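Undergrad: Before we start, here is the structure in question, set down as structure tokens.
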Amino acid sequence: MTDRNIRVEPVVGRAVEAQDVEIVERKGLGHPDSLCDGIAEHVSQALAREYIDRVGKVLHYNTDETQLVAGSSAPEFGGGEVVDPIYLLITGRATKEYEGTKIPAETIALRAAREYIHEQFPFIEYGVDIIADVKLGEGSGDLQEVFGEDGKQIPMSNDTSFGVGHAPLTETERIVLETERQLNGRYSDDNPAVGQDIKVMGKRESDTIDVTVAVAVVDSYVADIDEYDETIDGVQTFVETLAADYTDRDVRVHVNTADNYEEDSIYLTTTGTSAEQGDDGSVGRGNRANGLITPNRSMSMEATSGKNPVNHIGKIYNLLSTEIARTVVAEVDGILEARIRLLSQIGQPIDRPHVADASLVTDDGIEVGDIEDDVTAIIDSELENVTAITERVIAGELTTF
């Protein structure tokens, strides 16, 4: 092992699973904030690949300031329409010329945004229901690097910042995460009335879990209020069944609790997202790098999506700390919960954080000192191979929200 500053210590307080109250949230694929996250990250990957193709390496850029201004719509049973389109502004910085080679960064960004909308949102017509614009300031070109001990080029940190990861997920966290993923996956494949804008909030009090789900219903797939009601009932039954796969605790599922049938106030949409009805969005205002919002746990407020994957700590350390936590729990026996915090110093190599801190909750009879060397070795190895995170991000193998 190297002389990296790695610390291993017991967690102060109880594991989240043992706490009396737990709150967990996930903003689904079509939530306006997640929509911004997804587009910013898709644009980021497209720029990175284009830089590699044209000049052989990733140049300076960031697209993590992408914003969405909601439109307005007139949904109706059987099919309504978008009245005012959603407006998307892709903004940030990008290198547009390097050593005589010009790179059409804004064209690349618009193309990537269009691809993402086509792939993920079948009810949104690009250029009609959503209008995309792009304003990328000039980037600074090359990214600073140093050579590591094995001769590999190691990027220098762009900021003094930190990332946080934890593992394993609690039962409530897994239910919240899988509820949105499966409703936006296999369930919506067979039930197209379920739109992509799905928000899930989990609350556990002792051994009772309440799961509150907000589901945008697509108007063209429901003919009347009875079919709408059937859609809501179907979602509730599906989530109740799903939750039983992850817990033996009592689970209560609530779907579209703001609906008022008597006043014809229901969550009916034309595009499957609340972005058509006045709900704005921003990168970084939603899910953390592990896909959840978890107030019971330590979190970084840095946006992960859209940041440069080479040297931007707000991206790299949040993803890496999450990967380290999962690996530690999987490979070291006796750990009930692991929290990993990585802190950078601007201008220092990213494989040598200012501190790498592991806080552990262990099984009865297991002292942190008994497993400290094993945990330290894993953290050291992951940091030594930190550039693998960059490669996996560019390849689209890691999710950022």
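The values are calculated or read from the model by the stated rules, or taken from the named source; none is laboratory data. What you see is a predicted model, and the numbers here were worked out from it, not measured in a lab. When we count neighbours, we look across all protein chains shown, and the Cβ atoms used for this are built from the backbone with ideal geometry, even at glycine. With ligands, DNA and RNA removed, areas are computed over all heavy atoms of the protein, side chains included. Shrake-Rupley method; radii C 1.70, N 1.55, O 1.52, S 1.80 Å.
Undergrad: For the subset of the range 254-292 comprising residues that are among the β-branched types (Val, Ile, Thr) and in a strand (DSSP E or B), which member is most open to solvent (accessible area, probe 1.4 Å)? Let's see the steps before the verdict.
TA: Here is the first cut: in the range 254-292, the residues among the β-branched types (Val, Ile, Thr) are 255, 257, 266, 269-271, 273, 283.
Subset that is in a strand (DSSP E or B): 255, 269.
Details: Val255: 18, Thr269: 0 Å².
Per the stated criteria, the residue is Val255.
Undergrad: Here is a further query. Scan (1) in a loop (DSSP other than H, G, I, E, B); (2) without any contact (Cβ under 8 Å) to a residue 40 or more places away in the chain for the single condition Phe77 breaks and write down its number.
TA: For Phe77, the exception is condition (2).
Undergrad: Looking at the range 4-24, is at least one residue in a helix (DSSP H, G or I), in contact (Cβ under 8 Å) with a residue 60 or more places away in the chain and closer than 29 Å to Ala275 by Cα? Can you show your working first?
TA: So the first thing to find is which residues in the range 4-24 are in a helix (DSSP H, G or I), and the list is 16-18.
Now narrow it down to the ones that are in contact (Cβ under 8 Å) with a residue 60 or more places away in the chain: 16-17.
Within this subset, residues satisfying the condition of being closer than 29 Å to Ala275 by Cα are none.
No, every residue in the range 4-24 fails to be in a helix (DSSP H, G or I), in contact (Cβ under 8 Å) with a residue 60 or more places away in the chain and closer than 29 Å to Ala275 by Cα.
Undergrad: Okay, moving on. Filter the range 294-325 down to residues that are of a type in the set (Lys, Arg) and under 29 Å from Tyr61 (Cα atoms) and give me whichever is surrounded by the most Cβ atoms within 10 Å (Cβ to Cβ). So that I can check it myself, show each step before the final result.
TA: Step one: of the range 294-325, the residues of a type in the set (Lys, Arg) are 297, 307, 315.
Those left that are additionally under 29 Å from Tyr61 (Cα atoms): 307, 315.
Working: Lys307: 29, Lys315: 31.
Here the residue is Lys315.
Undergrad: Separate question: I'm checking my understanding of the structure. Among residues of the range 196-240 that are touching a residue at least 24 places away in the same chain (Cβ under 8 Å) and among the hydroxyl-bearing types (Ser, Thr, Tyr), which one is surrounded by the most Cβ atoms within 10 Å (Cβ to Cβ)?
TA: For the range 196-240, the residue satisfying everything is Tyr228.
Undergrad: Sticking with this one: Given the options Thr170, Thr160, name the one that is buried (at least 20 other Cβ atoms within 10 Å of the Cβ), under 30 Å from Ile316 (Cα atoms), out of contact with any strand residue (DSSP E or B) (no Cβ under 6 Å at 6 or more places or on another chain) and in contact (Cβ under 8 Å) with a residue 24 or more places away in the chain. Don't jump to the end; show me each part of the working.
TA: Details: Thr160 fails: buried (at least 20 other Cβ atoms within 10 Å of the Cβ).
Only one candidate qualifies: Thr170.
Undergrad: Just the residues that are at negative phi and either among the aromatic types (Phe, Trp, Tyr) or open to solvent by less than 60 Å² (accessible area, probe 1.4 Å) (or both), please, taken from the range 81-95.
TA: So the first thing to find is which residues in the range 81-95 are at negative phi, and the list is 81-91, 93-95.
The answer is Val82, Pro85, Ile86, Tyr87, Leu88, Leu89, Ile90, Thr91, Ala94, Thr95.
Undergrad: Moving to a separate point now. Quickly run through the range 241-253 and pick out the residues that are under 16 Å from Val213 (Cα atoms), open to solvent by less than 100 Å² (accessible area, probe 1.4 Å) and in contact with an Asp or Glu (Cβ under 9 Å, 6 or more places away or on another chain).
TA: Leu242, Ala243, Val251, Val253
Undergrad: So which residues in the range 341-376 are among the hydrophobic types (A, V, I, L, M, F, W, C), crowded, with 16+ Cβ neighbours inside 10 Å and within 15 Å of Lys315 (Cα to Cα), if there are any at all?
TA: Restricting attention to the range 341-376, the residues satisfying the condition of being among the hydrophobic types (A, V, I, L, M, F, W, C) are 342-343, 346, 350, 355-356, 358, 360-361, 366, 368, 371, 375.
Keeping just the survivors that are crowded, with 16+ Cβ neighbours inside 10 Å gives 342-343, 350, 356, 358, 360-361, 366, 368, 371, 375.
Answer for the range 341-376, where residues must be among the hydrophobic types (A, V, I, L, M, F, W, C), crowded, with 16+ Cβ neighbours inside 10 Å and within 15 Å of Lys315 (Cα to Cα): Leu342, Leu343, Ile350.
Undergrad: Report yes if Ser381 is of a type in the set (Gly, Ala, Ser) and farther than 29 Å from Leu47 by Cβ, otherwise no. Break it down stepwise before answering.
TA: Working: of a type in the set (Gly, Ala, Ser): yes; farther than 29 Å from Leu47 by Cβ: yes.
Yes: the conditions hold for Ser381.
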